[in-house]
Amino acid sequence: MDLRIADIAVSPAEREAVDAFLSPRIGTARGGWDGGERNIELDGRTARGGHEARSHRDLLLPTLHAVQDRVGWISPGAVAHIARRLTVPPAEIFGVATFYALLSTTERPSAAVHVCDDMACRLAGAEDICQQLEVTLGPAGHAQPGEQRTWHRSPCLGQCERAPAALFTIAGDPAIRVSTGPLDAPTILARLDDGVHGQGRLEAVEGPLGTAATPERLEQLRLLAPQAGQPGLRLLARIGRVDPTSLTAYLANGGYRALREAIAAGPERVIAEVTAAEVLGRGGAAFPTGRKWAAARAAEARPKNIVCNADEAEPGTFKDRVILEEDPFALVEAMTIAAFAVGAERGFIYLRGEYPLAEARMQNAIDRAREKGLLGRNVLDTGFDFEIEIRRGGGAYIAGEETALFESIEGDRPEPRSKPPFPVEVGLFGKPTVINNVETLANLPHIVRDGAAAYAATGTPGSRGSKLFSLSGHVARPGVYEVPFGTRLSDLIELAGGVRDGHQVKIVNIGGAAGSFVGPDRLDLPLTYEHARAEGVTIGAGAVVVFDETTDVLDILRRIAAFFRDESCGQCVPCRVGTVRQEELLARLIAHRPRGTVADELALLDELGRAMRDASICGLGQTANSAVASGLRVAGVLS
Amino acid sequence: MTSQPPAGVHLEPGDYTGSDPLVFTSSPARSPQVPSAPQARAPKTVEMTIDGAPVTVPDNVTILAACRSQGIDIPTLCTLSTLTPEGVCRMCVVDTGGRVLAPSCSARVGQGMTVWTDNDRVRHSRKLVLELLASSVDVDLAGPELPDGSIARYMAEYGADPSRFGPPSPPAPAGARDAAEAGHHEQPDGSVAERVAQPAKVDNDLFVRDYAKCILCYKCVEACGADAQNTFAISVAGRGFSARVSTEFDVGLAESACVFCGNCINVCPTGALMFRSEYELRRVGEWREDDQTVTRTICPYCGVGCTLELHVQDNRIVKVLSPLDAQVTSGNLCVKGRFGFDFVHVRPKGSDREA
Ligand SMILES: Cc1cc2nc3c(=O)[nH]c(=O)nc-3n(C[C@H](O)[C@H](O)[C@H](O)COP(=O)(O)O)c2cc1C
Ligand code: SF4
Ligand code: SF4
Ligand code: SF4
Ligand code: FES
Ligand code: FES
């Protein structure tokens, strides 16, 4: 590779942001062709080119984040500087930066707010907020001249329990990033002003920042996980009771007993227990975790990786956030057990960019664990080494697809790879990799500690254990609920306080945008993978969005169609163009301007859906029609 | 260039094409065979069923290769013999009995595999892929390398009717698609089918990028990058329907890392990347492929000996390609071999050959 990098000046702030991140990791040389020593004997310079210089490509996305955080956008000068330092072609940096919604390659004001206009937030008045912001700040994404504030629309921010929600990003040193809700337009504008004027109020709005297990905190946490503090919970047992920032508190509440037992039992026993517990992946695909681990353990290449998929971007889903924010040590322990079992040395948590509090809590947990010898070299004196690194996502739903996620960490565009080969053989950095969802991992300490039999006593034969469901929309107490598999949908909705007084359920979304809709006649559905499959619906990652009779279902379906168009990576034709045609078709139906009859349009939509399902590369395109098609069918809006 | 053989005359390697010393085909004195690495593995085979017929094929080939070896016609757009399969256009899908269809260009054969290349499911997806492409991209010049470079034949064969998705949208203003921000788009009203139509990028004398014709097959990016040229002047940028091939910040090619090797032109299956000379002739309706001659010769510049295919119309070189199967080049040239032929047209003043 012979880089040609434009001679564009990098601003001092950009240079500082890049160098402050990179220099501790790769030294201070300007790049692969710089910093070599003059060698008199060879009469030339030895470049640090080739593999060594290019081996840091995986630092590209974090470096772009560093610039975005500091300056608010990524300029040509910044790209040229990064290109030199990482020996990555500028065109490829541009290709990566333009993929992510949270990175900007055009100049924008330093104070930005990303307003969620997705399902739950729509029900809570997000469109009104957007209209008011448009009056004050101009159209979304187009900052007015001289304006220091800007706003964008955003898909679900994973804060649906406090809809309408928004993410604030204030560039600077340090940058401020806060996800919060519920909000109204005047509050959003005031918070943006706080950010512009550097007043500390914005940082303080994120809710239960105090961490000690006080009654007030428990009360606040009940807004996120209404069962917090109740007995009989497994995955949510520590929520609200244990300080999520304190390793001491974690240790005093059962923490790290599972890792000790795992080490005593040995890797084979751990994998046998996980297999016997029949735990299925909670990230949406419900793949048997034991099988994944056994395959990765059997793989020969080294070093192996454990990746925690914390990209949670499925609309209506925020259950992983509870664990990341409120029980972060459990995830560190679970990943360490997984690493021990499959023989991995490196761990990565790919964490949604819209979850700043989760990132802070997880980083703290990793640092505290490392201090105490629970991470790093020779964990617990067993001779086994394990490190965990957090990688922040950039605002791309598709980056949650496992192979796209690897590409993202490696510093490439998060476009799904074709499978096979599967990650357990060729995964992150081309090495055997176990990738598991946050919630899947959170189950493991329980399996190791209590044994597979005790674990599997909860749930049904086809779906062992308990499941976290994210309830939002028209329910009295939205939030994350833990229930045994087999709980009926109606009971789950009751648990969340049912629909508002005097209203009835019109339609329920299960599984988010990639899921499907059911009508009020199917609320007796037992929530298990096997029942869902038999009924032609999907549990997915456990989103449940309830809509009452006041809902404009077509408006919701249109938002879902827009979501898929926005989030398609664009690689393959059925998805890249199919999602556009689907949204256009829906727009015609909504406007009562069908091409031909409504029946013609529905037939065309069905044809489109079949091709997208059959011929798309990945799960995004394959499911992009399912919620829209089932919503139209169930709501019967057009007949 | 007066010494062209008449159109249609077939040249054998070593045939001397006339008095012009610049134009001759590769010499038979030179071994066409580059020494190749010893075979690493004994060839193994697998048994499988293709469209109901049992066949035995090598165990390391793609399903596409296996089907073509049986004389089965499978449409492809984004696969090219010299480049890594990307598997993105989904034209070549076949039914292997899985939950979803498999891209035959990149999926490998397996023992006991059953493949259907032409059932309803396959035909349906291919038809929709063609309709989706043709409703969003100008595919007039598009065509796969094999068997005959024609997308129109497949449109007819699968009964593809792109107009089912509505009348075409007006072209986007110059630069608008390059400015699209990830994750955002204007809400459509559905009255027109959105297209990638936009003005061509004409920013240098050598070649034109007309992305209204781009099907995003990734071939140019691969050829410019690790598969051939290692220049990395272009990348796919943006995402979803806004994904596009771009230099950094959409700067002109001359400001980018581009070295004008034209290797991207050589692999583009749609005419989106085009010699400026061809582009200008087409614009005035003077591009006449039937009147052109194609002469194989060796590049006159350096000692590497790259095979060239000179496309000549009205006694002028209008395009230079290199065959994908040429031993030395695999279709790749440098700027001199690709574009450095103006001197051929310069005749001494007063000479009877003055242009
Ligand atoms: C478009 C798309 C987005 C996805 N997003 C996520 C995600 O945010 N979190 C997650 O855990 N899995 C996600 N998945 C599923 C992952 O590909 C993968 O199956 C999962 O991480 C495996 O973990 P598990 O076996 O523990 O469920 C997504 C899949 C697709 C197709
Ligand atoms: S289905 Fe969609 S998201 Fe998946 S690879 Fe294809 S274009 Fe990308
Ligand atoms: S002409 Fe060569 S260097 Fe320029 S974009 Fe095409 S392949 Fe890349
Ligand atoms: S310009 Fe040509 S080669 Fe490049 S992606 Fe588009 S169609 Fe393919
Ligand atoms: S945060 Fe708005 S819908 Fe989830
Ligand atoms: S030719 Fe196989 S996917 Fe394009």
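The values are calculated or read from the model by the stated rules, or taken from the named source; none is laboratory data. Every value quoted in this text rests on a predicted model; they were computed, and no experiment measured them. All Cβ positions, glycine included, derive from the backbone under ideal geometry; neighbour counts span all protein chains shown. To get the accessible areas, we keep the full protein, side chains included, count just its heavy atoms, and leave off ligands, DNA and RNA. Shrake-Rupley method; radii C 1.70, N 1.55, O 1.52, S 1.80 Å.
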(request) Filter region B:71-98 down to residues that are within 14 Å of ligand 2 (Cβ to nearest atom) and without any contact (Cβ under 8 Å) to a residue 24 or more places away in the chain, then give me how many there are. (result) 1
(message) If B:Val335 meets every condition in (1) crowded, with 20+ Cβ neighbours inside 10 Å; (2) closer than 12 Å to B:Phe207 by Cα; (3) of a type in the set (A, V, I, L, M, F, W, C) apart from one, which number is that one?
(response) (1)
(request) Could you run through region A:525-576 and say how many residues are within 16 Å of ligand 1 (Cβ to nearest atom), within 24 Å of A:Val480 (Cβ to Cβ) and in the same structural domain as A:Gln622 (by TED's automatic domain parsing)? (result) 3
(message) Tell me which strands (runs of 3 or more DSSP E) are completely within region B:201-252 and hold 1 or more residues being within 16 Å of ligand 2 (Cβ to nearest atom), or say none if there are none.
(response) B:235-237, B:244-246
(message) I need the full set of residues from region B:253-268 which are open to solvent by less than 20 Å² (accessible area, probe 1.4 Å), in a loop (DSSP other than H, G, I, E, B) and either among the hydroxyl-bearing types (Ser, Thr, Tyr) or in contact with a strand residue (DSSP E or B) (Cβ under 8 Å, 6 or more places away or on another chain) (or both), in order please.
(response) B:Ser256, B:Gly262
(message) Return the residues of region A:104-113 that are within 10 Å of chain B (Cβ to nearest Cβ) and either open to solvent by 10 Å² or more (accessible area, probe 1.4 Å) or modelled with pLDDT under 95 (or both); say none if nothing qualifies.
(response) A:Thr105, A:Thr106, A:Arg108
(message) Filter region A:580-619 down to the residues that are open to solvent by 10 Å² or more (accessible area, probe 1.4 Å), within 16 Å of ligand 1 (Cβ to nearest atom) and part of a helix (DSSP H, G or I) and list them by number.
(response) A:Arg613, A:Asp614, A:Gly619
(message) Looking only at region A:133-146, filter to residues that are surrounded by 16 or more Cβ atoms within 10 Å (Cβ to Cβ) and assigned to a helix (DSSP H, G or I); which one of those is nearest to ligand 3 (Cβ to nearest atom)?
(response) A:Leu137
(message) What's the number of the only condition in (1) buried (at least 24 other Cβ atoms within 10 Å of the Cβ); (2) within 16 Å of ligand 1 (Cβ to nearest atom) that A:Thr403 fails to meet?
(response) (1)
(message) Give me the helices (runs of 4 or more DSSP H) completely within region A:233-278, filtered to those with at least 3 residues that are in contact (Cβ under 8 Å) with a residue 40 or more places away in the chain, out of contact with any Cys (no Cβ under 7 Å at 6 or more places or on another chain) and among the small types (Gly, Ala, Ser), ordered by residue number.
(response) A:257-265
(request) Check A:Arg282 against each of (1) assigned by TED's automatic domain parsing to the domain that holds A:Pro328; (2) surrounded by fewer than 19 Cβ atoms within 10 Å (Cβ to Cβ); (3) among the basic types (Lys, Arg) and name the one condition it does not meet. (result) (2)
(request) May I ask you to say which residue of A:Asp524, A:Asp566 is of a type outside the set (A, V, I, L, M, F, W, C) and crowded, with 19+ Cβ neighbours inside 10 Å? (result) A:Asp566
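Test A:Ile556 against the criterion of being over 25 Å from B:Tyr158 (Cβ atoms), away from chain B (no Cβ under 13 Å) and assigned to a helix (DSSP H, G or I), and give yes or no. Break it down stepwise before answering.
Working: over 25 Å from B:Tyr158 (Cβ atoms): yes; away from chain B (no Cβ under 13 Å): yes; assigned to a helix (DSSP H, G or I): yes.
When the stated conditions are applied, A:Ile556 passes them.
In region B:144-179, which residues are assigned to a loop (DSSP other than H, G, I, E, B) and modelled with pLDDT under 95? Working first, answer last.
From region B:144-179, those assigned to a loop (DSSP other than H, G, I, E, B) are B:144-150, B:158-161, B:166-167, B:169-176; that's our starting set.
Result: B:Pro144, B:Glu145, B:Leu146, B:Pro147, B:Asp148, B:Gly149, B:Ser150.
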(message) So if I check each of B:Leu132, B:Leu101, B:Leu128, which one is without any contact (Cβ under 8 Å) to a residue 40 or more places away in the chain, in contact with a Ser or Thr (Cβ under 7 Å, 6 or more places away or on another chain) and within 14 Å of chain A (Cβ to nearest Cβ)?
(response) B:Leu101
(request) With respect to A:Asp501, determine if the residue is in a loop (DSSP other than H, G, I, E, B), in contact with a Ser or Thr (Cβ under 8 Å, 6 or more places away or on another chain) and open to solvent by 40 Å² or more (accessible area, probe 1.4 Å). (result) no
